[in-house]
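Bear in mind these aren't lab numbers, they're just calculated from the coordinates by the rules spelled out. In this text the structure is predicted, and so the values were computed from the model without any measurement. As a convention, Cβ positions derive from the backbone with ideal geometry for all residues, glycine included, and neighbour counts pool all protein chains shown.
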């Protein structure tokens, strides 16, 4: 017989820097704290200055980017051999 202690999921705590992200984005969508903590353990937090490239267009990108503050702009640049007409 397995004691109930081992069947009860361990309590997880969200890191202080992630509480705002959880409460504003993930909690309203019904994501559990355990699932959120697992996601954050696999993620990386980065800061970008204004004008810095986040994702290069035209190249496969197998990740998800969550923009917490600021804004992103998609720019389209023509290759030298392309003509806009």
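Annotations
- Calculated over the range 9-64, the projected area of the Cα convex hull averaged across directions stands at 5.5 nm².
- Look at 14, 25 and count the other Cβ atoms within 10 Å of each Cβ; fewest to most, that gives 25, 14.
- FRET efficiency estimate (nearest 0.05) - Cβ-Cβ, residue 31 to residue 53, R0 30 angstrom: 0.55
- By the count of neighbouring beta-carbon atoms within 10 Å, fewest first, 24, 43, 29 end up ordered 29, 24, 43.
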